[in-house]
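See structure below.
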Amino acid sequence: MTDKDMIICRCEEVTYGELVETANEYGCNARELKLRTRAGMGYCGGRTCRNMVDAVACTVTERDSKQVTLKYQPPVRPVHFGDLGAIGHD
Amino acid sequence: MADLIIIGSGPAGLSAGITAAECGLSVLILDEYLKPGGRLLGQLYEEPGGKWWNGIEETRKLEKRAAALDLDIRLGTAVSNIEKEDGLWHVYTDRETFTAPSLLLATGAAESPVAIPGWTLPGVMSVGAAQVMTNVHRVKPGSRGVIIGVSVLSSAIAMELNIAGIDVAAIALPKMNEVNKDGANPAGVMDSLLHVSHMAPSKFVQFGSKLMQNDFMKKLGITFYPKGGVKMWGIPVMLRKAVIEICGTEQVEGVILATVTTNGQVVPGSEQRIDADFVCIAGGLYPLAELIGLTGCPFHHIDELGGYVPLHNEQMETPVDGLYVAGNITGIEGAKVAMSQGVAAALSIARNFGRQGLDDILREAVEYVGETRRKAHIQFHPEVAEGRRKMQQYWEEYEAAQERIAPEEPVVEKEVLQGV
Ligand SMILES: Cc1cc2nc3c(=O)[nH]c(=O)nc-3n(C[C@H](O)[C@H](O)[C@H](O)COP(=O)(O)OP(=O)(O)OC[C@H]3O[C@@H](n4cnc5c(N)ncnc54)[C@H](O)[C@@H]3O)c2cc1C
């Protein structure tokens, strides 16, 4: 297997090749790279691939050292649908 | 309702809980794992001087003190969200929702993976997972393993596997690509190992540190570093070989190793396959900030501390009212530093709760954190003290800016960010 076909985000099945190509084409930061490829947007919320996505983005953009570019969103652990109603009472 | 909720029952959270209870606060500790102790549980190594650091024993001591104080520790309770409303923290878990006016986040560190073809195969795990399986659950992760990533942590865990009678075929670098940068550079890895070598708990990282004191010798050192590795407890530590692929169809069957140049480029034709039934990845640790990332607390990326770290001062206060941090969430360091930070955090919280006469012992506790850091046997980044200095500077800059905005109210309460 080559690097190109290697899966980086397992939940959304995004490959290394896709991430590197997208980063090079758009010169995007980590957040934009995530939105363009869906890497880090799956079931686990990017718990596993977050640093790898960040690393690829940092090869084409300056890191924003004052902000976590890949923002954290609740819930940070999988929750049951039944419990979801209790979270965030807007 | 408790006065204080602590998320994380690692060395930082447990120490904080004990101190806070001793100050008379009612404390609730939550942890998603089935045992208290956090990352302390897996630790087992010989310190210089021959004393063994056994994390299970150290946890037991903390647990005993916690039990004597009747601390309420809820295990198997994962926190999925936190919010602040009308001066109270709401902590959402898979069991119930808890509330308290003060919240201490002691969620520790997480491990980074590395990107190597085959890393998603069954049988590939983080070194931390192999450590927990071996030392905590007493289950062998496999019969013959390869560790990818050369660091103080991976060499310590290799030794632990060795003690448990598990064959470690090699410790080697990850291949160089856009993800695995620093950890794949032989010269860089050697340099960082040498910086921490004088205090490291393993003979390997102490090796040749005197020899390698200037840059010329270092360059020579990595150029002439034996391609077959240097053996540590019989395990070859390979700074000039990288794993370029993890092989297997249904599960790990082996890895492909290749010789690399001093800056990490694969030497064509040098590939060789070695058999293994499990692979451990040591991609480094970073502060686990997912919960504090929901509070609006400002962050700074500080390499020496392992990544994005929430803004905090030496008393372990954050700029968010009623929110405190301790342990590896503030930067990657050893368990003893985490414990001392936990004590300092608890004293701050008790003082801010109006407990009298704590100023002196809080000052001493803060000094003790620094002293513990200076004496630490295990150091994850050679410049950790510099990282701490940067954080303190960011804190001072933040406070000065707040004073310019609202002179009579230096610490502004942040609104809790809602999900998009
Ligand atoms: C794999 C690994 C090996 C290490 N080896 C060593 C070593 O040999 N020596 C050494 O000195 N240091 C070692 N460390 C560093 C270690 O992190 C510190 O020694 C110390 O354990 C940090 O203490 P802590 O209390 O900050 O965090 P931890 O000990 O990590 O405890 C954090 C706790 O928070 C809990 N938690 C996190 N998020 C949630 C949530 N959402 N809900 C509920 N609970 C949550 C976790 O379950 C965990 O029990 C290692 C770290 C790792 C990751």
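The values are calculated or read from the model by the stated rules, or taken from the named source; none is laboratory data. Predicted model only: the values in this text are computed from it and were never measured. Here the Cβ positions follow ideal geometry from the backbone for every residue, glycine too, while neighbour counts run over all protein chains shown. Heads up: the accessible areas ignore ligands, DNA and RNA and are worked out on the full protein's heavy atoms, side chains in. Shrake-Rupley method; radii C 1.70, N 1.55, O 1.52, S 1.80 Å.
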Checklist entry - Each residue of the stretch B:247-256 in order: what ³J(HN,Hα) in whole Hz does its phi give by Karplus 6.51 cos²θ - 1.76 cosθ + 1.60, θ = phi - 60°, with x for Gly and Pro? => result 9, x, 9, 8, 7, 4, 10, x, 9, 9
Item to check | Pairs from B:61/B:140; A:71/B:390; B:241/B:390; B:64/B:140 whose Cα-Cα separation, in the structure shown, is over 31 Å | outcome: B:241/B:390
Item to check | Part-to-part distance (alpha-carbon centres) for the stretch A:16-90 and the stretch B:234-283, which is given in Å | outcome: 29
Next on the checklist: How much of the DSSP bridge set in the protein assembly as shown is antiparallel, in percent, rounded to the nearest 5?
Outcome noted: 55
Next on the checklist: Looking at chain B, I'd like the Rg to Rh ratio, where Rg is from alpha-carbon atoms and Rh is Kirkwood's inverse mean 1/r.
Outcome noted: 0.99
Item to check | Loop-located GluC sites (Glu not before Pro) in chain A whose Cβ has at most 11 other Cβ within 10 Å (DSSP) | outcome: A:62
Item to check | Label-point separation, residue A:32 to residue B:67 (7 Å along Cα→Cβ), nm | outcome: 5.7
Next on the checklist: Counting heavy atoms of the protein chains only and a 1.4 Å probe, report the per residue accessible area for the protein assembly as shown as a whole number of Å².
Outcome noted: 44
Checklist outcome for this item: Excluding ligands, DNA and RNA, the carbon-plus-sulfur percentage of the accessible area of the stretch B:113-283 with a 1.4 Å probe reads 56
Checklist entry - For chain A, which whole-number percentage of the solvent-accessible area (1.4 Å probe, protein heavy atoms only) is attributable to carbon and sulfur atoms? => result 48
Item to check | Stokes-Einstein diffusion coefficient of the stretch B:113-283, Kirkwood radius over Cα pairs, 37 °C, 0.692 mPa s, in µm²/s | outcome: 207
Next on the checklist: Can you compute the modelled spin-label distance between residue B:371 and residue B:56, with each label point 7 Å from Cα toward Cβ, in nm?
Outcome noted: 3.2
Checklist entry - Amide H to amide H, which residues 5 or more places from residue A:9 or on other chains are under 5 Å from it, using H placed in the peptide plane? => result A:14
Next on the checklist: Suppose each label sits 7 Å from its Cα in the direction of the beta carbon; what would the residue B:99-residue B:265 distance come out to in nanometres?
Outcome noted: 6.4
Checklist entry - Counting other Cβ atoms within 10 Å, which trypsin sites (Lys or Arg not before Pro) in chain A have at most 13 and lie in a DSSP loop? => result A:4, A:66
Checklist entry - Can you list the residues of the stretch B:93-138 that have at least 50 square angstrom less accessible area with all protein chains present than in their chain by itself, probe 1.4 Å? => result B:113, B:117, B:119, B:120
Checklist entry - What residues in the stretch A:1-40 lose 50 Å² or more of accessible surface when the other protein chains are added to their chain alone (1.4 Å probe)? => result A:1, A:3, A:6, A:10, A:16
Next on the checklist: Shape verdict for the stretch A:1-43, please, from the Cα gyration tensor: rounded (a/c under 1.5), prolate (a/b greater than b/c) or oblate.
Outcome noted: oblate
Item to check | In the stretch B:286-343, chymotrypsin sites (Phe, Trp or Tyr not before Pro) in a DSSP loop with at most 12 other beta-carbon atoms within 10 Å | outcome: none
Checklist entry - With a 1.4 Å probe, how much accessible area is buried between chains B and A, both sides summed, in Å² to the nearest hundred? => result 3300
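Evaluated at 4 °C with a viscosity of 1.567 mPa s, what Stokes-Einstein diffusion coefficient in µm²/s does chain A have when Rh comes from the Kirkwood expression over alpha-carbon pairs?
Calculated translational D: 93 µm²/s.
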Item to check | Residues residue A:62 and residue B:399, FRET efficiency given R0 of 35 Å [Cβ-Cβ distance, rounded to 0.05] | outcome: 0.85
Checklist entry - Longest exposed-loop-site-free stretch of chain B, with GluC sites (Glu not before Pro), DSSP loop and at most 14 other Cβ within 10 Å? => result B:97-249
